[in-house]
1. Taking interchain pairs and intrachain pairs at least six residues apart, which have beta carbon atoms under 7 angstrom, with the first residue in the stretch 35-59 and in contact (Cβ under 8 Å) with a residue 12 or more places away in the chain and the second of a type in the set (Ser, Thr, Tyr) and open to solvent by less than 60 Å² (accessible area, probe 1.4 Å)?
2. Consider the stretch 36-53. How many of its residues are surrounded by 10 or more Cβ atoms within 10 Å (Cβ to Cβ), modelled with pLDDT of 80 or more and hydrophobic (A, V, I, L, M, F, W, C)?
3. Would you check which residues across the stretch 10-35 are of a type in the set (A, V, I, L, M, F, W, C) and exposed (fewer than 13 other Cβ atoms within 10 Å of the Cβ) and list them?
4. Taking interchain pairs and intrachain pairs at least six residues apart, which have beta carbon atoms under 8 angstrom, with the first residue in the stretch 5-34 and within 15 Å of residue 46 (Cβ to Cβ) and the second open to solvent by 90 Å² or more (accessible area, probe 1.4 Å) and among the basic types (Lys, Arg)?
5. As an exercise: evaluate residue 2 against (1) in contact with a Lys or Arg (Cβ under 7 Å, 6 or more places away or on another chain); (2) at pLDDT 80 or above; (3) of a type in the set (A, V, I, L, M, F, W, C) and give the number of the one condition it does not meet.
Amino acid sequence: MLLQAEVSAADLRRHLADVLNRVQAGERITVTRGGELAAVLMPVDDAAWAATLADRFRSRERPFTQEALDAWVAGLLDRLDLSDLFEPTTKNGETHHGRERR
């Protein structure tokens, strides 16, 4: 879970420039009024991503097509080095520990 700083609406009015600098640097800040959540300030890129995802959810669109998801998974698998998970084998199928591979 992402930890967020919290600021009251009164403190936000007094320190707006400082709070905006923190948000522009990538921080998310929760704004409260009377102890109740009033808003969340976040960087523009995060807000655009969240708005796009919310629009897709409301229209019941999948965030990814199956083809895009398959390509993403294939790309991940291509970059993984799984050789440490398997015992090296000889040409006759035996492992270097003398056991036959099944």
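The values are calculated or read from the model by the stated rules, or taken from the named source; none is laboratory data. Source: prediction; values computed, not measured. Backbone-built Cβ (ideal geometry, glycine too); neighbour counts: all protein chains shown. These accessible areas exclude ligands, DNA and RNA; they are computed on the full protein's heavy atoms, side chains included. Shrake-Rupley method; radii C 1.70, N 1.55, O 1.52, S 1.80 Å.
1. 38/32; 40/30
2. 9
3. Keep residues of the stretch 10-35 that are of a type in the set (A, V, I, L, M, F, W, C), which gives 10, 12, 16-17, 19-20, 23, 25, 29, 31.
Correct list: 10, 16, 17, 25.
4. 5/22; 29/22
5. (2)
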